[in-house]
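Only one structure is covered here, and it is reproduced in the block below.
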Amino acid sequence: ALTGHKNWEPQWPDSQPKAEYDVIIVGAGGHGLGAAYYLAKEHGITNVAVIDKGWLGGGNTGRNTTIIRSNYLYDESARLYDHALDLWDGLSQELNYNVMYSQRGVLMLAHNVHDVQSFKRHIHANRLNGVDNTWLTPQEAKEFCPPLDISASARFPVMGAALQRRAGTARHDAVAWGYARGASMRGVDIIQNCPVTAIRRGPDGRVTGVETARGFIGAKKVAVSAAGHTSVVMDSAGVRMPLESYPLQALVSEPVKPIFPCVVMSNTVHAYISQSDKGELVIGSGTDQYTSYSQRGGLPLIEHTVAAICEIFPIFNRMRMLRKWGGIVDVTPDRSAILGKTPVPGLYVNCGWGTGGFKATPGAAHMLAWTVAKDEPHAINAPFTLERFATGRLIDEAAAAAVAH
Ligand code: FAD
Ligand code: PYC
């Protein structure tokens, strides 16, 4: 059928770089494109370029398993992720682009006493912050997700589950495309296939622009939102980042009729699963155990994950898998993001979202735009500084990150 599709109007032009911009954003993932959109729409800053080394949305935005939730432990995180959830609510209308946001509920399975205690602690903390999260018995979990095996003889017995009903999934590509179109319509240049090779600073230390595969491009301000490559890009400006980059893998099955009504995460056995609107089971792993810039990852992780899924959902034992892939995630020591100013005047950074930044996309983008426009953080992202790794004021979300690191 695609052969008949000709002369479609592109949704955004493939821009050529100008000599100078007010703001350059390095990285055309959902976060970078969203920041450009909010800079233009909410702050009236339209002389902006978003530059990507590949195609827009081709990084982690287009590779993730799209789980959206806000059930983190600390007050700072609750504010940030719930801000994102509030923006997800109206995002399709905001962008006039269907991002297929589906609040089907995220169930986190408890398989041992430690899980039970940890999840109940999260539920109580979440309630104090007005974040919905409920404890379910094994029977209630099965009612919510019928394919779940809760038998006592199961290899990973289900001792209960934490359910965030407001949580769910969205269509990752649509998020990138919607923000790209919205930003482009407001005058933002989107420059693809153009690696940024260095950040340049003037004699006073202030940012002056970026070196790229297409030459130098001047900028008054530069925001780096380059996920797995942040430390490399920031290093060129003389800023050492507390980040490690790991492959994180996912895979999908052949498509089947609707069978799986929600999202299930089993942190203890390193697996999570949902069903896409195309019918594929979308399955993900913990990170590979070594640092790497490979966008593939190792097969043993996938085997481990699929084995765990088959134990928890024996109904899927004979499903065939279609394809697998990897992304590169940038992980901070406290598993929380860094979003704010840097020691370099005019240079801003948004990174360290690790295995969990898709859910934050609208919120992170909104906060990055605010910080760049006003040269100061919003109250919501103010705690997510680079300095916290020197002061020790960490936001330790290792448990809520939920994906094995
Ligand atoms: P990206 O989309 O990666 O964008 C960064 C962009 O920077 C890329 O397009 C890249 O090409 C570009 N770039 C890098 N270096 C340069 C350079 N030198 N010059 C120019 N451009 C450059 N999060 C969740 O919340 N829920 C999930 O279910 C979930 N599942 C995941 C599953 C997998 C397999 C992976 C890999 C990640 C998952 N994540 C999940 C994490 C989530 O995908 C990321 O945190 C989020 O998408 C980051 O968005 P971003 O826009 O910052 O990064
Ligand atoms: O952060 O919810 C998450 C997540 C799920 C899968 C990968 N990350």
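Nothing in this text is a laboratory measurement; each read-out follows from the coordinates by a stated rule. Values in this document were obtained by computation on a predicted structure and should not be read as measured data. Every residue, glycine as well, gets a Cβ built from its backbone with ideal geometry; the counts of neighbours run over all protein chains shown.
Taking 32 Å as the cut-off for C-alpha to C-alpha distance, list the pairs among Lys6/Lys374; Lys120/Lys221; Lys221/Lys278; Lys18/Lys374; Lys18/Lys278 that go past it. Beyond 32 Å: Lys6/Lys374; Lys120/Lys221; Lys221/Lys278; Lys18/Lys278. Which percent of Cα-Cα pairs in segment 146-246 sits in each 5 Å bin, short to long? All Cα pairs considered, the percentages come to 2, 9, 13, 14, 13, 12, 9, 6, 6, 6, 5, 4, 1, 0. Which aspartates and glutamates, on any chain, are close to Lys53 with Cα under 16 Å apart, when same-chain ones fewer than 8 places away are left out? Correct list for Lys53: Asp14, Asp189, Glu211.
When you filter the chymotrypsin sites (Phe, Trp or Tyr not before Pro) in segment 312-350 for DSSP loop state and at most 12 other Cβ atoms inside 10 Å of their Cβ, nothing is left. Across q = 0.24, 0.32 Å⁻¹, segment 331-379 modelled as identical point scatterers on its alpha-carbon atoms has Debye log10 I(q)/I(0) values of -0.89, -1.20, in the order of the q list.
Between Lys120 and Lys257, the modelled labels are 4.1 nm apart [label points 7 Å from Cα along Cα→Cβ]. Consider a paramagnetic label point 7 Å from the Cα of Trp55 along Cα→Cβ; state which residues of segment 10-49 have an amide N under 12 Å from it. In segment 10-49, the label zone of Trp55 (backbone N under 12 Å from the point 7 Å along Cα→Cβ) covers no residue. As a proxy for reagent exposure, Tyr293, Tyr74 were ordered by neighbouring Cβ count within 10 angstrom, fewest first; the result is Tyr293, Tyr74. Size estimate for the chain follows the Kirkwood approach: the inverse of mean 1/r over distinct Cα pairs works out to 21.6 Å. In terms of packing, defined here as the mean over residues of other Cβ atoms within 10 angstrom, the peptides 112-120, 47-55, 172-180, 132-140 line up highest first as 172-180, 47-55, 132-140, 112-120.
Remark: the Arg323-Phe216 segment gains 34.6 nm on full extension, using 0.36 nm per residue and subtracting the alpha carbon distance. Other residues with beta-carbon under 10 Å from the beta-carbon of Gln275 carry, at +1 per Lys or Arg and -1 per Asp or Glu, a net charge of +1.
In plain terms, the bigger the Kirkwood radius, the slower the diffusion; for segment 208-355, with that radius from Cα pairs, at 10 °C and 1.306 mPa s, Stokes-Einstein puts D at 91 µm²/s.
Extension gain for Asp204-Tyr293 works out to 28.7 nm (0.36 nm per residue, less the C-alpha to C-alpha distance).
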